[in-house]
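Read the structure below first, then the notes.
The values are calculated or read from the model by the stated rules, or taken from the named source; none is laboratory data. All of these numbers come straight from a predicted model, not from anything done at the bench. We place every Cβ from the backbone using ideal geometry, glycine too, and count neighbours over all the protein chains shown. Accessible surface is based on the protein model in full, side chains and every heavy atom, while ligands, DNA and RNA are left aside. Shrake-Rupley method; radii C 1.70, N 1.55, O 1.52, S 1.80 Å.
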Amino acid sequence: MSSENLQTKWGQFIPLVIVFFFWGFVAASNDILIPVFKTAFNLSQGESQLVSLAFYIAYTVGSLIYMGISVLIKEDLVNKIGYKNGLSLGLLISALGTLLFYPAANTGSFPLMLSGLFIVALGFSLQQTVANPLAIALGPISTGSQRLTLAGGINNLGTTIGPLIVSFAIFGSSAGSSTLSIESVKIPYLILGLAFLLVAVLLKFSSLPDKPALIEEEIAAEGSHAKKSALQYPQLLMGMIAIFLYVGVEVSTASNLPAYMESKLGFLTHEVAPYISLYWASLMIGRWTGAIEAFTEKASLQQILRFVAPYLAFGVFLAVNAIAKHDLTPFYIYGLIILVLIAADIASKGNPARMLLIFSALGIVAIGIGMTTTGMVSVYAFTSVGLFCSTLWPCIFTLAVSGLGKNTSQGSSFLIMMIMGGGVISWLQGFVSEFIGIQASYIVGVLCFAYLAFYAWSVSSILRKQGISFDKKLSGGH
C-alpha cells in the first residue's frame with residue numbers, strides 16, 4: 001500500500017475510532033451512575049441495576065428496530081442510506097438521549113434518566129451495526145481483524161478514563177458527600193451530547209466512504225449467487241452464537257470475581273476494585289497488542305511494537321491506579337503473564353481464525369488454573385481471562401461477516417443483537433454458583449471458550465469453500 005493510500009485510510013479510520021471511544025466511555029461511566037442513582041433515588045440494589053439493564057437491552061431492541069425498518073422499506077437500511085450516513089444518524093439518536101438528562105435531573109425522575117440511557121444505547125446499536133464492518137472494510141480483509149482490534153483498544157481507553165472523568169465531573173472536590181444533588185449529572189451528559197453532535201457533523205464531511213470498496217467488491221463477486229438473507233450464511237449463524245458466548249464469558253468472568261474474592265479470599269469490597277480494573281485493562285493490553293499490524297507493514301517495526309504496545313497499555317493501567325492512590329505492588333508480577341499474550345499473538349500470525357483458536361484455548365487454561373488453585377494465583381488466573389478475551393470480538397466479527405456482500409450490514413445487526421449474552425451468561429453462572437459454589441461455577445466460562453474454539457476450527461473450512469482466505473500472501477483472499 002502506498003504512503004498516500006495509507007494516509008487516506010488513516011484519515012478515514014480516525015473519525016471511526018472516536019465513535020468506538022464513545023461506546024467505552026459511556027458504558028464504563030454507567031458504573032458511576034449506578035451508586036449515584038441508588039443514593040439520589042433511594043433505590044434497592046436490584047433497582048439500581050436497571051441502569052445496566054436499560055442500557056444493554058437497547059442493543060437488542062435497536063437491532064430489532066433496524067430489521068423491522070429494513071423489512072418495511074424492502075431494502076437493508078444501511079445499504080439504502082449509506083454507511084457514513086448510518087453512523088451519523090446513530091450519533092444523532094444518542095445525542096437526543098443525552099438531552100433527556102436535563103429534564104430528568106430537574107424533575108428528579110429516575111424513569112426519565114433510564115429513558116435517556118436507553119436512547120443513547122439505541123444510537124450505539126446503529127453505530128455498532130455500521131462501524132464494525134466498516135472498520136474491517138477500510139483496507140484488505142487480511143488485516144481487517146487488526147483494524148477492528150485497534151478500534152477495540154480505543155474503546156478500552158474510553159472504559160479506562162471514562163469513569164474518572166465522569167466521577168470528577170459529577171463529584172468534583174466533594175467526593176464522598178452524602179448530599180449530592182442529582183442535578184450534577186445533567187451537565188456532563190449535555191457536554192457528551194454536544195460531542196456526539198460534533199462528531200456526527202465531522203463524519204458527514206469526512207472522507208469516510210458511504211459504500212466501502214471491499215463490500216462493493218463482495219457484492220459484485222456474488223452476482224446471481226447472492227443470498228436473500230444473512231441468516232443463510234453458516235459463518236454468520238455460528239458467529240451469532242459465538243458473539244453471544246464471547247460477550248457472556250467476558251462479562252461473567254468479571255462480574256462474578258468480586259463474589260469469589262470476598263467469599264473465598266476474605267477481600268473487602270473496596271479492595272476488589274483494582275483487580276476488576278486490571279481485568280478490564282487486560283482487554284486493552286491485548287487489543288493494543290493485536291492491533292500493531294494496523295499501524296505498519298514493516299515486519300521489523302511490528303516485532304518491536306508487539307512488545308512495546310502491551311506494556312504501554314499496562315503502564316496506562318498502573319498510572320490510573322496510581323492516580324487513584326492504590327497500592328501497585330501486587331500488580332507488577334502481572335507483567336510476566338503479559339508475555340504469554342505476546343507469545344500467543346506471535347503464534348497467531350494475524351490470522352483471525354488461528355487467533356480465535358489459540359486465545360480460546362488459553363482462556364480455558366486460565367479459567368482451569370483459577371478453578372483449581374487458591375490465593376493470588378487464582379486471582380491472576382481469572383483476571384488474565386481478560387487478556388485472552390481481548391481480541392475475540394474482532395476475530396469473530398471478521399469471520400462472521402466475511403463473504404456476506406450486500407447482506408453485511410444485516411449480518412452485523414444480528415451480531416450486535418447477541419451482545420445480550422453478557423447478561424444471560426452472567427446470570428447463568430450466578431445461578432450455577434448457588435449449587436456448586438462460586439469457584440466451580442467458572443465451568444460455565446470453560447464451556448463458552450470450548451464453543452469458540454470449535455467455531456474457530458470449523459469456520460475456516462466454511463470460508464475456504466466460499467473462496468475466502470486470511471492468508472496475507474493472498475492479499476485479501478477472494
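Worth pointing out:
- Taking the Cα centre of the range 227-472 as reference, the dipole from Cβ charges on Lys and Arg (+1) and Asp and Glu (-1) amounts to some 880 debye.
- Percentage relative contact order, the range 227-472, counting C-alpha pairs under 8 Å, at least six apart: 38 percent
- 3J(HN,Hα) along the range 243-258, derived from phi through the Karplus expression 6.51 cos²θ - 1.76 cosθ + 1.60 where θ = phi - 60°, amounts to 4, 4, 6, 4, 4, x, 5, 5, 6, 5, 4, 6, 5, 9, 5, x Hz, with x in place of Gly and Pro.
- When only Cα pairs below 8 angstrom with a gap of at least 6 residues are kept, the chain shows a relative contact order of 24 percent.
- Each Lys and Arg adds +1 at its Cβ and each Asp and Glu adds -1 at its Cβ; summed about the Cα centre, the range 10-210 shows a dipole of about 220 debye.
- Summarising the label geometry, the points placed 7 Å from Cα in the beta-carbon direction at Ser207 and Leu112 lie 4.5 nm from one another.
- Shown is the FRET efficiency for Lys228 and Ala440, computed with R0 = 51 Å from the Cβ-Cβ distance and rounded to the nearest 0.05: 0.65.
- For the range 314-375: accessible area per residue (Å², 1.4 Å): 44 Å²
- Charge-dipole axis of the chain as Lys and Arg at +1 and Asp and Glu at -1 on Cβ define it, positive-most pick from Thr372, Asn155, Ser433: Asn155
- A simple packing score, the average count of other Cβ atoms within 10 Å per residue, orders the peptides 344-357, 243-256, 453-466, 272-285 as 243-256, 272-285, 344-357, 453-466, with the highest score first.
- Two-site FRET efficiency, Ser44 against Arg464, from Cβ-Cβ distance with R₀ of 56 Å, rounded to 0.05: 0.60
- Taking the Cα centre of the chain as reference, the dipole from Cβ charges on Lys and Arg (+1) and Asp and Glu (-1) amounts to some 740 debye.
- The range 10-210 - percent relative contact order, Cα under 8 Å, separation 6 or more: 39 percent
- Across every pair of non-identical alpha carbons in the chain, the mean reciprocal distance, once inverted, gives a Kirkwood radius of 22.7 Å.
- Given charges at Cβ of Lys, Arg, Asp, Glu: the chain dipole, positive-most of Ala259, Gly411, Ile468: Ile468
- Mean Cβ count within 10 Å, highest first, over the residues of peptides 417-427, 202-212, 145-155: 145-155, 417-427, 202-212
- Zone residues, the range 99-120, relative to Leu190, backbone N less than 17 Å from point 7 Å out along Cα-to-Cβ: 99-109, 113, 116-117
- Heavy-atom accessible surface of the range 227-472: percent carbon and sulfur, 1.4 Å: 70 percent
- When nucleic acids and ligands are ignored and a 1.4 Å probe is applied, Tyr189 ends up with an accessible area of around 10 Å².
- The length gained by stretching the chain between Ala273 and Glu297 to full extension, at 0.36 nm per residue less their Cα-Cα distance, is 4.8 nm.
- Residue-span extension gain [Ile337 to Ala324] - 0.36 nm each, minus C-alpha spacing: 2.3 nm
- Highest average first, the peptides 299-305, 407-413 ordered by how many other beta carbon atoms sit within 10 Å of their residues are 407-413, 299-305.
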